[in-house]
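Reading through the structure tokens given below for one structure.
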Amino acid sequence: MVLPYLLYSLAQMLSSYRIFDQQTLVVYDLKLAALSAVLLLFGYRAIVGFVFLAVCTLLVRPEAEFFELLCYAAAALISHYFYCKSAGWRSAASFGRIQLTTKRIIWLCLCNALLSVVFNETVCWLTQVDLNSGKSFIHLLTAETLVRIQGVMNGCVTGIPLFYTVLRIIYRPHYWLTCMRAVKTQLSSNVGIYRFTAWFAAVAFLMVCLNIPFKDNIFFTFYSLVLIFPLMLWSSVRIGYAFTTPVWTVMMIVLAKNNENYIALNDDFMLHQVLVSTAIFIFTLTIVIMGVLARFNTLRFEQLLHMGFTDPMTNMPNLRALKADIQASPDSTVCLIQVPEMELFSRRYGLHFRARYQKKLAEHLRLKLNCDEKVYYHAGYGLLLKLENPSWGRLSLLYKSANSFRYLHNNQQLGFRSGLGYCKATQFCNDVYSLTGKLGIVSGLSLVNGKPENLEAQSSRVHESNIVGRTDIRTVLQKTLDNDAFVLMAQPIVSTRGEPRYHEILLRMLDEEGRFIPPDRFLPVATEAGLAPDIDLWVIRNTLKTMQQHLEHSFSINLAPVTVCRASFVHHVQLLLTEFGVDPHRIIFEITEADALSDTEQSQNTVRSLKSLGCRVAIDDFGTGFSSHARLMDVSADILKIDGSFIRVITDNEVSHYIVESFCHVAKMKNMQVVAEYVENENIQRCLERMNVDWLQGYHIGKPVPLLSLV
């Protein structure tokens, strides 16, 4: 109730007028701005205060001021109504927002000022009361009216934000801190102390020239006002809206009070007054709009910067953010918490499962971190942490905390084992990607050893062990090949239609201590060494030797990609078939999907040549490569082996079920038989039998046994 009265009285004191031709000319009017600011903050609750203000004005002020107040109040209420309809629920938001600036200029400034002038002229015409000692004019569209309208609009453009801020600080004092924080942020990030000092000195000098009555120098005329404009525009763009707008409002009040110092009262006075008033109004709009646009661009830049340093799925800092942070703090420690099992669960539940798990795990770990330590998103299956001089005890605590974390999914509590690798970031400030790769190796060791592992302590040992291990395998591989010491295993593949079973040949190798070396360890080494074709021919020779003794058995043999691409391979097979006298139809060559569907001429020739010998060809691991149904239609093969990744989840995953079913349909169209790998239980077997899959293979059907043990 009291604030409208106090603010209106203050606006009357700060407004400026000038006597010209025995009439009062409005130079700068803030009264309408005061009423609009009250409405903007308090809404229509301020009407009670308006009534109190009107009663007080009627009792203690001249009649003309009472009518003028009614005109201003009516204009403010109408403009505020249309502004609220246009701006919606955010109409009372603080100034400086680009979404609201245009609406505020249209409704709270232009419409406000025009309505107030129209109401003033109407009241003057109806009541014959000369409002505010002759401030209204009988003739419209005159220079005096133009100056008056622009004075009111200038007051609204600059005064409403100022009064709004003052009222909001009175209403909620902590808003003062928000304003100061905004000014400090923009000032410190865009302008140095020297530039600000130079700007302030230039503005102060021009203001002094404009406000002292000295006419012998051009700087003491409104020429200095023209020079102030680019300075304030620079301030609006560089220093910011929050600082420039109140400063410009104060400058406007001072300049309006001393209007006679830089505009001489002579024959050209009215022309100069119109020019100055118009220039000030246009430039005031320019300052406001440029300040708002600069603030908008700054916010957008910050958003883009945030997007560049944030993972979009988890909204967590990414590797670029980690790189920037360790460059700023090179002595920090970087940790990688890796969860390998997430790969399997992500295949089943999708990438969103991984993202949600990482977010929840990050929230869990942040409780154990200090305020200056962060958690970062890792594109693999884990999280990165930046720690400040952590002790072994803290690292062990983080390791235990990560492993004790449980994630609730589909009413199930899931817990995953994780490894933690760490190291100082000093030597990796410019190569964070190499750092994460090396930490991935160390976190794997941590998972095995059950404790955090240091990259500096384990790096050389890990790489040396890997090199020595591959060298040892290469040596054993050559020795085994030379001595015919490979071990052949046979796993049964059973027909669902009662046909005789056949076996897949599986290759095994023993190290010097008699322990089996997994194929996934020695076969890549064999390929790199160029031994894969020789090993394949060894397998074919020894399989045919067994088949020569057991005429009832049929076998399938896997071929390496480099073997399929050798032009001489088919000739060697033909010689071996002739040597051992084995029916070619009893041999099935399994070629991986990538080779069978490859566009290379040699691989296609190999497939056709093997079939021309009478051998059968199977496409192995179908579904994991780049195949499509359309490309499959162009391939001539006898058997299609569906990759086990689809078979394992066929009873739980509807998508896998449909995929396998579609593969079967296409295979039938091509007169190809279908083999399903990894049949691990009876449910999978029954499901595949219902789908009319021809052959089944897996531990539930039969485990691999030594080839020589077959009767």
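List of remarks:
- Tilt relative to the chain, helix 601-612 - C-alpha long axis, 0 to 90 degrees, to 10: 30
- Looking at the stretch 632-711, the chymotrypsin sites (Phe, Trp or Tyr not before Pro) that sit in a DSSP loop and have at most 15 other Cβ atoms within 10 Å of their own Cβ are 699.
- Computed 3J(HN,Hα) for the stretch 7-18, one whole-Hz value per residue from the Karplus formula 6.51 cos²θ - 1.76 cosθ + 1.60 where θ = phi - 60°, is 5, 5, 5, 4, 5, 4, 5, 7, 5, 10, 9, 9, glycine and proline marked x.
- Put 477, 537 in order of accessible area, highest first, and with a 1.4 Å probe you get 537, 477.
- The spread of Cα positions in the chain, taken along each principal axis and listed from longest to shortest, comes to 131, 56, 48 Å.
- Rounded to 0.05, the FRET efficiency of the residue 60 and residue 102 pair, given R0 = 45 Å and the Cβ-Cβ distance, is 0.70.
- The 1.4 Å probe gives accessible areas that order 354, 97, largest first, as 97, 354.
- For the stretch 546-551, putting each phi into the Karplus relation 6.51 cos²θ - 1.76 cosθ + 1.60 with θ = phi - 60° gives couplings of 5, 5, 5, 8, 10, 6 Hz, in residue order, rounded to whole numbers and with x for Gly and Pro.
- Going by accessible surface with a 1.4 Å probe and the largest first, 19, 263 read 19, 263.
- A 1.4 Å probe run over the protein chains yields, for the chain, 49 Å² of accessible area per residue, whole-number rounding.
- Binning the alpha carbon pair distances of the stretch 44-128 at 5 angstrom intervals from zero yields the distribution 3, 14, 21, 19, 18, 12, 8, 4, 1, expressed in whole percent.
- Accessible surface for residue 180 stands near 80 Å², nearest 10, in the context of the full protein assembly shown (1.4 Å probe).
- Overall Cα dimensions of the stretch 629-711 - principal axes, largest extent first, Å: 42, 31, 19
- For the stretch 187-343, the dipole from Cβ point charges (+1 on Lys and Arg, -1 on Asp and Glu) about the Cα centre works out to 280 debye, to the nearest 20.
- Accessible surface of residue 325 - all protein chains present, 1.4 Å probe, nearest 10 Å²: 40
- DSSP assigns beta bridges within the chain; of those with both partners inside it, close to 65 percent run antiparallel.
- For the stretch 326-398 and the stretch 201-248, distance of Cα centres in Å: 54
- Residues of type aspartates and glutamates that residue 668 reaches as a straight line, Cα spacing below 16 Å, ignoring anything fewer than 8 places off in the same chain: 634, 638, 689, 694
- Cross-link partners of residue 479 among lysines, defined as those whose alpha carbon lies under 25 angstrom from its own and excluding same-chain residues fewer than eight positions apart: 545.
- q = 0.16, 0.21, 0.25 Å⁻¹: log10 I(q)/I(0) that the Debye formula gives for the stretch 36-83, counting C-alpha atoms only: -0.43, -0.69, -0.90
- Principal axis extents of the C-alpha atoms in the stretch 384-516 (largest first, rounded to whole Å): 65, 47, 28.
- With the charge dipole of the stretch 422-575 set up from +1 on Lys and Arg Cβ and -1 on Asp and Glu Cβ about the Cα centre, the Cα lying farthest toward the positive end among the listed residues 447, 507, 562 is that of 447.
- Lys/Arg +1, Asp/Glu -1 at C-beta; the chain dipole; positive extreme among 329, 473, 574: 329
- Radius ratio Rg over Rh of the stretch 366-442, counting only Cα atoms, Kirkwood formula for Rh: 0.98
- Rg/Rh for the stretch 193-343, where both radii come from Cα atoms and Rh is the Kirkwood radius: 1.29
- Total charge dipole magnitude, the chain, about the Cα centre, Cβ charges on Lys, Arg, Asp, Glu only, Debye to nearest 20: 1980
- Between helix 455-482 and the chain: long-axis angle, C-alpha atoms, 0 to 90°, nearest 10: 30
- Longest segment of the chain lacking GluC sites (Glu not before Pro) that sit in a DSSP loop with at most 11 other Cβ atoms within 10 Å: 1-511
- The Rg/Rh ratio for the stretch 1-100 is 1.01, where Rg is the radius of gyration of the alpha carbons and Rh is the Kirkwood radius.
- Taking 0.36 nm per residue of sequence separation and removing the Cα-Cα distance, the residue 250/residue 329 pair yields an extension gain of 24.1 nm.
- Assigned charges on the beta-carbon of Lys, Arg, Asp, Glu; the stretch 1-145 dipole about Cα centre (debye): 780
- Atom-type composition of the exposed protein surface of the chain places 60 percent of the accessible area on carbon and sulfur (1.4 angstrom probe).
- Once all protein chains are placed together, residue 360 keeps about 100 Å² accessible to a 1.4 angstrom probe.
- Partner lysines whose Cα lies under 27 Å from the Cα of residue 359, excluding those fewer than 8 positions away in the same chain, are identified as 323, 368, 374, 386, 400, 424, 438, 451.
- Stretch gain in nm, segment residue 145-residue 636, where the contour uses 0.36 nm per residue and the Cα spacing is subtracted: 167.5 nm
- Whole-number percent relative contact order across the chain, with pairs defined as alpha carbons under 8 Å at least 6 apart: 8
- Between 0 and 90°, nearest 10: helix 112-127 axis offset from the chain longest Cα axis: 30
- Distance between the pseudo-spin-label points of residue 690 and residue 299 (7 Å out from Cα toward the beta carbon): 5.7 nm.
The values are calculated or read from the model by the stated rules, or taken from the named source; none is laboratory data. Values in this document were obtained by computation on a predicted structure and should not be read as measured data. We place every Cβ from the backbone using ideal geometry, glycine too, and count neighbours over all the protein chains shown. All accessible areas refer to the heavy atoms of the entire protein, side chains included, with ligands and DNA or RNA removed. Shrake-Rupley method; radii C 1.70, N 1.55, O 1.52, S 1.80 Å.
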